[in-house]
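A.B. asks: Quick one: the structure is below, and I'll ask about it shortly.
Every number here is computed from the coordinates shown, using simple stated rules; none is lab data. Since the model is a prediction, treat every value here as computed from it, not as a measurement. Cβ coordinates were reconstructed from backbone atoms using ideal geometry, including for glycine residues, and neighbour counts include every protein chain displayed.
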Amino acid sequence: MRVQVAIIACLLLPSEGSGQHHGTTRPFVVRSAAGRAATERESEVLRATYQRFLDAIHSRDTVAMRAMMVPSYNALMAGDSLIEHLDRHSRLRALTADTDRITQLVARTCRYWVYPESAVGHCSVDERGTFSGVTGHWFVPVMTFFVHVEDGSWRVASGMTGEPQRVPD
């Protein structure tokens, strides 16, 4: 089964005076959504983090993959006509059960935006292999969400893939 990842994450911080507002509960909101384009160094670090994540998928290295995922990682996995919600544990289990044969998984043409404790990346992933019995080459647009953790590293919180574009032979 060819699997596409569609992952959704929300990073919310309490707003000033959150709680009761005019007799109703106010939702938590992000105080500042001021993002900026990543510096060259930040882009290199985020791209390397994402490539290590792709390498773990390619090699089915669940130990490395788990180390790069936040505990609250959630995914919507879409493949064929099926959409399935997976938490981190289920995602890792699905990876080991997958019978597709990936021969290449490389992040290309990435752009990143950095926020106070998070980052968003848009990449085109160069993917080759056999999926659901079909061997080929695809470019897959991917959006990945990262969070900055206490040790100074970045972890994958979630991501979303677009429609794979088949590359002619």
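A.B. asks: Can you list residues from other chains, or at least 5 along the same chain, whose modelled amide H is less than 5 Å from the amide H of ASP61?
C.D. replies: none
A.B. asks: A follow-up question, please. Compute the Cα gyration tensor for the stretch 89-161, then decide on rounded, prolate or oblate, letting a ≥ b ≥ c be the square roots of its eigenvalues: rounded whenever a/c is under 1.5, prolate when a/b is larger than b/c in the other cases, and oblate in all that remain. Please report the intermediate quantities before stating the final value.
C.D. replies: On the way: a/c = 3.14, a/b = 1.61, b/c = 1.95.
Taking the square roots of the gyration eigenvalues as a ≥ b ≥ c, the stretch 89-161 is oblate.
A.B. asks: Note down, for the stretch 32-169, the three equivalent ellipsoid semi-axes (square root of 5 times each alpha carbon gyration tensor eigenvalue), biggest first, whole angstrom. Intermediate results must be reported in sequence, preceding the final value.
C.D. replies: Details: eigenvalues 126, 64, 36 Å².
Result for the stretch 32-169: semi-axes of 25, 18, 13 Å.
A.B. asks: Next question, about the same structure. Test of understanding: extend the Cα→C-beta vector of ARG101 to 7 Å, then name every residue of the stretch 37-65 with backbone N under 17 Å from that spot.
C.D. replies: 58-60
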